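Data block below; observations after.
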Amino acid sequence: MIRVQEEDFDVGIELSKMTDEHFGIGAQSCFIGLVRDMANQEHISAMTLEHYPGMTEKQLRKIEKEANQRWPLNDVLIIHRFGKLQPGDRIVLVATTSAHRRAAIESCHFLIDWLKTKAPFWKVESSLSGDSWVEAQDNDEREAKKWETENT
Amino acid sequence: MQLLYFGWVRARIGKVQETVNLPTHIKDVSALIKWLKKRGGGYHEAFQNLNLIRVAINQEITTLDARVDPDDEVALFPPMTGG
């Protein structure tokens with residue numbers, strides 16, 4: 001399931017909902033991305049996320065489908081927030097469930113790597129010296145590319 | 001044609017979106033960007049380094065040599081930073 005929203009989410013509730021009454025699930029893996037209070041040696045007071053409504057949902061659904069094709073999963077959950085966030089706030093939740101740990105852990109890792117470079121979000125960090133756009137990292141691109149060549 | 005801008009492309013141009021009447025000689029994204037860049041100001045600044053420009057046509061990621069049609073929705077933006 002895919003959700004793009006401004007409001008926060010409750011990790012415990014979201015994770016429980018995925019496994020309740022699903023007794024074939026033996027493994028659940030999750031990743032939570034948070035807003036840091038430091039960037040480039042500067043104190044960050046806020047991070048604002050902008051996205052491309054419509055395309056964001058399409059891209060997330062595509063990434064979800066790709067994970068389901070590569071691993072035997074019971075379920076995938078991606079919740080991605082937008083709007084103005086404070087340090088310590090949750091940005092993203094990725095969770096996967098499967099019969100066994102390997103599929104759950106690997107697919108979760110894959111999903112967050114792909115989100116970094118394929119989900120249409122852009123971030124602005126606010127500090128005392130003003131606002132600056134978060135630049136795409138070369139290593140994010142490399143991490144995402146790794147999954148294009150690796151056989152699972 | 002409907003144009004959408006995101007990230008620092010939007011900030012530099014100073015617009016979220018606009019509708020343009022495309023000259024008939026413009027057939028691909030590169031030509032579209034070149035045409036927009038000629039407007040100068042924020043457009044010139046936004047499209048200075050094409051290595052940092054990504055494009056989606058009708059909400060599908062594509063490349064700068066992709067064909068554009070007058071009824072397309074074309075979005076121009078910097079590399080995405082999701083997650």
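Summary table
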{"read-out": "Cut-off 15 Å (backbone N to label point 7 Å along Cα→Cβ of A:L128), residues of the range A:34-49", "value": "A:38-46"}
{"read-out": "Entries in A:K123/B:K15; A:K58/A:K146; A:K62/A:K145; A:K17/A:K145; A:K123/B:K38; A:K84/B:K34 that, when Cα-Cα distance is taken, lie over 25 Å", "value": "A:K17/A:K145; A:K123/B:K38; A:K84/B:K34"}
{"read-out": "Whole-angstrom Cα spans of chain A along principal axes, big to small", "value": "52, 35, 30"}
{"read-out": "Potential lengthening between B:N21 and B:Q48 on full extension [0.36 nm per residue; Cα-Cα distance subtracted]", "value": "7.4 nm"}
{"read-out": "Hydrodynamic radius of chain B per Kirkwood, over alpha carbon pairs, in Å", "value": "12.6"}
{"read-out": "Choice from A:E21, A:E141, A:E66 with maximal GNM fluctuation in chain A (Cα, 10 Å cutoff)", "value": "A:E21"}
{"read-out": "Anchor B:K27: aspartates and glutamates whose Cα lies under 13 Å away (excluding residues fewer than 8 positions away in-chain)", "value": "B:D65, B:D69, B:D71, B:D72"}
{"read-out": "Shielding of B:5-14 by partner chains, average beta-carbon count, 10 Å", "value": "3"}
{"read-out": "For the range A:5-152, share of DSSP beta bridges that run antiparallel, in % to the nearest 5", "value": "95"}
{"read-out": "Listed residues A:S129, A:S98, A:S107, most fluctuating in chain A (Gaussian network, C-alpha, under 10 Å)", "value": "A:S129"}
{"read-out": "Choice from A:D138, A:D75, A:D37 showing the highest fluctuation, given a GNM over chain A with Cα pairs closer than 10 Å", "value": "A:D138"}
{"read-out": "Angle between chain A longest axis and helix A:55-70 axis [Cα atoms, degrees, rounded to 10]", "value": "40"}
{"read-out": "Folded to 0 to 90 degrees: helix A:101-118 orientation relative to chain A principal axis, Cα", "value": "30"}
{"read-out": "Peptides B:10-19, B:74-83, A:24-33 ordered by average Cβ neighbours within 10 Å, highest first", "value": "B:74-83, A:24-33, B:10-19"}
{"read-out": "Computed [θ] at 222 nm, deg cm²/dmol, the protein assembly as shown (DSSP H ≥ 4; -39,500 (n - 2.57); rounded to nearest 500)", "value": "-10000 deg cm²/dmol"}
{"read-out": "Pairwise label distance in nanometres, B:Q2 with B:D28, each label 7 Å out on the Cα-Cβ vector", "value": "2.6"}
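Each value in this text was obtained by applying a stated rule to the coordinates, not by laboratory testing. Worth saying up front: this structure is predicted, and the values here are computed from it rather than measured. Using ideal geometry, Cβ is built from the backbone for each residue, glycine included, and neighbour counts are taken over all protein chains shown.
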